[in-house]
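The values are calculated or read from the model by the stated rules, or taken from the named source; none is laboratory data. Since the structure is predicted, the reported quantities are computational estimates derived from the model, not experimental observations. Neighbour counts are summed over all protein chains in view; Cβ atoms, including those assigned to glycine, are modelled from backbone coordinates with ideal geometry. Just so you know, the surface numbers come from the protein's heavy atoms only, side chains and all, with ligands and any DNA or RNA stripped out. Shrake-Rupley method; radii C 1.70, N 1.55, O 1.52, S 1.80 Å.
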Amino acid sequence: MTQADLALSANSSTRHISFLETGRSAPSRDMVMLLAEHLHVPLRDQNTLLLAAGFAPAFPERSLMELASARVAVEQILQAHKPYPAFAVDRHWNVVLSNSALPQLYEGCSPDLLRKPVNAVRLILHPLGMGPRIENFVEWRAHTVAVLCQQLEASADPTLQSLLAEVMTYPVPAGGVGLATSDGPQRYATPLQIATRLGTVSFLNTTTVFGTPADVTLSELALEILFPANEQTVAVVKSMVDEEAAGNVMQIHR
């Protein structure tokens with residue numbers, strides 16, 4: 001975006017934008033907020049801009065526990081999605097809430113990767129996690145890399161940069177190519193295909209965010225919700241649910 005483009009978008013003058021950029025003029029609080037809005041600056045970085053300009057931050061950052069109504073809404077969405085997996089992640093892809101569906105998906109994963117905070121990206125692609133069982137590993141890693149790069153364009157977060165560099169080092173497991181064909185859900189989205197002892201499941205994921213957040217934590221929260229991509233997945237998930245229910249009944253009788 002050129003200075004002229006930004007000036008036109010923010011209803012300012014190219015001269016004023018130029019003076020702000022070179023430090024010849026100091027921006028008002030309203031101007032900082034206006035420019036941040038038109039440059040789509042995340043709330044966390046808007047606070048940083050305000051501090052740099054000598055103003056107090058505009059957006060609070062509270063824990064999810066403090067955001068009671070938002071937490072209840074997230075939990076309702078996650079629990080309503082059972083028996084299919086759904087979880088909420090922070091800006092670094094750490095899982096903050098989950099419906100804990102289908103524990104069979106995580107069988108064989110290193111206990112270290114399952115300790116809180118669980119990193120969703122690492123758990124899915126790591127060679128000691130689900131990586132060896134991701135049948136379309138190359139595709140899913142490419143999708144993940146694209147998402148991380150988009151995040152880094154908005155904020156050069158060093159933690160995300162480290163996560164991206166780590167993901168790029170993960171070895172491709174045998175049979176983990178699974179290039180997309182013109183058939184099935186691959187025609188319009190990249191599914192997450194996971195081999196389990198009860199059969200292969202294939203999920204399409206959607207990402208849900210709060211539309212009008214005024215809190216830094218809430219603005220960075222994303223709900224990852226997995227939907228079955230085919231009838232086979234529906235059948236395998238039913239088997240997983242039945243197996244888990246039978247195991248719970250046995251524990252009760254003991």
Self-check item: VAL147-LEU39 FRET efficiency (beta carbon distance; Förster radius 22 Å; 0.05 resolution)
Solution: 0.60
Exercise. Describe numerically, in nm with one decimal, the distance between label points set 7 Å from Cα along Cα→Cβ at THR207 and at THR169.
Key: 2.4 nm
Practice problem: Run the dipole for the chain about the Cα centre, Lys and Arg Cβ at +1, Asp and Glu Cβ at -1, nothing else charged, and hand back the magnitude in debye, nearest 20. | Solution: 220 debye
Quiz item: Shape call for the range 32-115 from the C-alpha gyration tensor, a ≥ b ≥ c root eigenvalues: rounded (a/c under 1.5), prolate (a/b greater than b/c) or oblate?
Solution: prolate
Self-check item: Theoretical ellipticity at 222 nm over the chain - DSSP helices of four or more residues, -39500 (n - 2.57) apiece, nearest 500
Solution: -13500 deg cm²/dmol
Quiz prompt | Entry for semi-axes √(5λ) of the Cα gyration tensor in Å (calculated from the structure that is shown) out of [x] 31, 19, 18; [y] 42, 22, 16; [z] 29, 25, 16 | solution = [y]
Quiz item: What net charge do the residues around LEU43 carry, taking every other residue with its C-beta under 13 Å from that of LEU43, with Lys and Arg at +1 and Asp and Glu at -1?
Solution: -2
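Within 10 Å, count the other beta carbons around each residue, average over each peptide in 143-152, 23-32, and list them highest first. Show your work: numbers first, answer last.
Values: 143-152: 15.3, 23-32: 13.4.
Descending mean neighbour count gives 143-152, 23-32.
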Quiz item: How much accessible area per residue does the chain have, in Å², with a 1.4 Å probe?
Solution: 55 Å²
Quiz prompt | Top of ASN205, ASN11, ASN99 by mean-square fluctuation, Gaussian network on the chain, Cα under 10 Å | solution = ASN11
Practice problem: Taking amide H positions as placed in the peptide plane 1.01 Å from N, state which residues far from ALA53 in sequence (5 or more) or on other chains have amide H under 5 Å from it. | Solution: none
Quiz prompt | the chain: most fluctuating residue of THR217, THR22, THR208 per GNM, C-alpha cutoff 10 Å | solution = THR22
Quiz item: Can you list the HN-Hα couplings for the range 150-162, worked out from phi with the Karplus curve (6.51, -1.76, 1.60; θ = phi - 60°), rounded to whole Hz and with x for Gly and Pro?
Solution: 4, 5, 5, 5, 7, 7, 6, 6, x, 5, 5, 4, 5
